[in-house]
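Reviewing the structure listed below.
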Amino acid sequence: MEAGLRARSWSEIRSLFALDADSTHLNTGTVGAMPFEVLDVVDRVTREWTGGLLDVYPPGLYPEHRATIGRSYGVDQDEMVITHNATEGMARVIHGLDLRAGDEVITTSHECYSVLSNLNLLRHRHGVVVTVITLPTGYDVRAEDVVERFAAAITPRTKVLAFAGITLFTGTMLPIRALCELAHRHGLTTVIDGALMAGMLDCDFRALGADFISCSGSKFQCGPLGTGLLYVRNKVHPEHNPLPLPTFWPIISTWYPMQGTPPPRTTTSVESCNIGDFLQSAGSASIARGAALARACELWDEIGRDRIERRVFELAEHARAAVAERFGTAAMYSPGTDQRLRSPLIAFHPFRDPADAWNVKKVAEFVSRLESEHRIWTRWTEFDVEGSPHQHYAARLTTHLFNDHAEIDRAVAVMGRLAEQMS
């Protein structure tokens with residue numbers, strides 16, 4: 001079957017998905033579309049456990065599903081946790097870090113709300129210092145600009161770098177490996193919001209060099225809503241990350257010892273304790289959703305993750321060129337010049353008047369009318385722009401493997417006409 005899916009055309013692969021033929025889905029950055037096989041797993045496994053044929057507290061805590069997902073991302077079962085979503089994973093990591101009053105976390109103003117809110121909670125509860133930098137925006141931003149801002153913010157109090165692998169607001173793909181190497185040089189823990197990475201990138205989580213990566217299972221990986229995957233570094237591979245494992249407290253755990261302490265963390269490439277088990281053990285969970293997420297990962301492996309990444313980015317380049325031609329590069333908040341920062345999330349200002357960039361009602365109406373009048377599903381986003389006193393709002397489109405060039409061209413043409421009407 002694996003060779004068969006790799007050989008199928010993209011139109012044939014599109015037929016695997018439960019997509020509405022009358023709508024154009026350009027909003028995978030919010031939620032993907034499930035393949036029919038994934039839907040079938042949710043239904044089948046739900047019926048099995050409802051009938052009393054499955055143990056909802058199995059020994060090993062779903063090791064087969066965690067191993068399947070881990071293999072898709074170059075890591076082991078002991079480093080992989082099935083969560084409800086990227087938000088939950090980030091919260092469990094942020095509050096499990098060994099931070100004290102005065103310790104500093106560096107993050108950006110372009111993070112997801114849930115990341116910034118949890119860091120603010122740390123600030124209020126424990127006196128942790130949260131330093132927020134504003135990322136540069138625009139077509140000509142370069143990776144070095146991003147790394148320099150993080151490097152300039154590091155102080156002797158800094159303990160953690162927390163950042164999105166790909167920002168949901170402007171679609172900037174941060175230079176992950178370069179930022180992790182910066183953290184290694186300063187002895188810092190790295191926490192990545194990878195909500196948009198899983199299912200888009202053919203990536204080896206371990207090789208990125210991060211300590212924690214929390215991802216959505218329902219966006220680019222196209223698993224069920226209410227699924228996420230969390231990578232927790234549980235071994236020391238010096239070629240990827242030479243630092244010792246950070247002290248980490250597995251909050252929300254029913255398997256953390258009721259007395260005594262867990263085994264000491266390893267200092268080698270061999271695990272000394274299964275941190276994944278500690279985190280996975282959080283009472284009953286949806287076996288069906290976990291099984292379906294594992295099946296979604298298997299499908300991606302069968303199609304070919306390298307092939308999927310190439311397709312997604314080829315479509316993104318087509319969309320980026322179409323948006324740039326119709327609206328101009330000056331209207332684009334997403335990087336375009338530096339290939340290292342480009343992603344399939346493209347944010348832009350659709351209207352003639354630059355002041356409309358901070359008119360949230362107008363931008364929201366633009367996106368709403370695309371959906372209600374033209375069945376084109378996109379999103380509007382909001383973010384800080386360096387040097388501007390205003391919060392900026394943008395339209396954002398996202399490409400994925402089930403899209404095609406023709407529907408992208410139609411969508412951008414409709415956006416152009418609607419923007420003219422509204423301008």
- Query: Between Asn120 and Glu12, what FRET efficiency comes out of the Förster formula 1/(1 + (r/R0)^6) with R0 = 35 Å and r the beta carbon distance, rounded to 0.05?
  - Reply: 0.15
- Item | For the chain, built as a Gaussian network whose Cα springs stay under 10 Å, the top-fluctuating residue of Leu121, Leu97, Leu345 | Leu121
- Using a 1.4 Å probe and ignoring any ligands, DNA or RNA, find the accessible area of Phe163 and quote it in Å² to the nearest 10. 0 Å²
- Message: As a test of the formula, what do you get for the chain when each DSSP H run with n ≥ 4 contributes -39,500 (n - 2.57) and the sum is divided by the residue count, at 222 nm and rounded to the nearest 500 deg cm²/dmol?
- Response: -12000 deg cm²/dmol
- Shape category assigned to the chain from the gyration tensor of Cα positions, a/c cut at 1.5: oblate
- Task: Could you pull out every one of the lysines with an alpha carbon less than 27 Å from that of Lys362, ignoring same-chain neighbours closer than 8 positions?
- Result: Lys219
- With every protein chain kept in place and a 1.4 Å probe, the chain has an accessible area per residue in Å² of 40 Å²
- Note on the structure: Taking R0 as 25 Å and r as the Cβ-Cβ distance between Cys273 and His184, the FRET efficiency 1/(1 + (r/R0)^6), rounded to the nearest 0.05, comes to 0.60
- Task: Pop the C-beta distance of Ala364 and Glu386 into the FRET formula with R0 = 35 Å and round what comes out to the nearest 0.05.
- Result: 0.90
- Message: Let me make sure I get this right: for the range 313-423, a, b and c are the square roots of the gyration tensor eigenvalues over alpha carbons, sorted descending. Under 1.5 in a/c it's rounded, otherwise prolate if a/b > b/c, else oblate. Which is it?
- Response: oblate
- Task: DSSP loop (so not H, G, I, E, B), at most 15 other Cβ within 10 Å: list which trypsin sites (Lys or Arg not before Pro) in the range 97-154 pass both filters.
- Result: Arg100, Arg142
- Can you give the relative contact order of the range 26-177 as a percent, counting alpha carbon pairs under 8 Å and 6+ residues apart? 19 percent
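Carbon-plus-sulfur fraction of the accessible area of the chain, 1.4 Å probe, in percent?
54 percent
Could you tell me whether the range 175-278 comes out rounded, prolate or oblate from its Cα gyration tensor? Rule is a ≥ b ≥ c as square roots of the eigenvalues, rounded for a/c under 1.5, then prolate if a/b exceeds b/c, otherwise oblate.
It is oblate, given that a/c is not under 1.5 and a/b is not larger than b/c.
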- GNM of the chain, Cα pairs under 10 angstrom: of Ala292, Ala322, Ala406, the biggest fluctuation goes to Ala406
- Task: Give the peptides 385-397, 65-77 in descending order of average Cβ contacts within 10 Å, highest first.
- Result: 65-77, 385-397
- Glu144 paired with Glu371, simple spin-label distance in nm, labels 7 Å along Cα-to-beta-carbon: 4.2 nm
- Item | Under 25 Å from Lys235, Cα to Cα: lysines that are on another chain or at least 8 residues apart | Lys159
- For Arg410 and Val132 in the same chain, what is the full-extension length gain: residue separation times 0.36 nm, less their Cα-Cα distance, in nm? 96.2 nm
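The values are calculated or read from the model by the stated rules, or taken from the named source; none is laboratory data. Since we're looking at a predicted model, the values are computed, not measured. Counting neighbours? That spans all protein chains shown, and the Cβs are built from the backbone with ideal geometry, glycine included. With ligands, DNA and RNA removed, areas are computed over all heavy atoms of the protein, side chains included. Shrake-Rupley method; radii C 1.70, N 1.55, O 1.52, S 1.80 Å.
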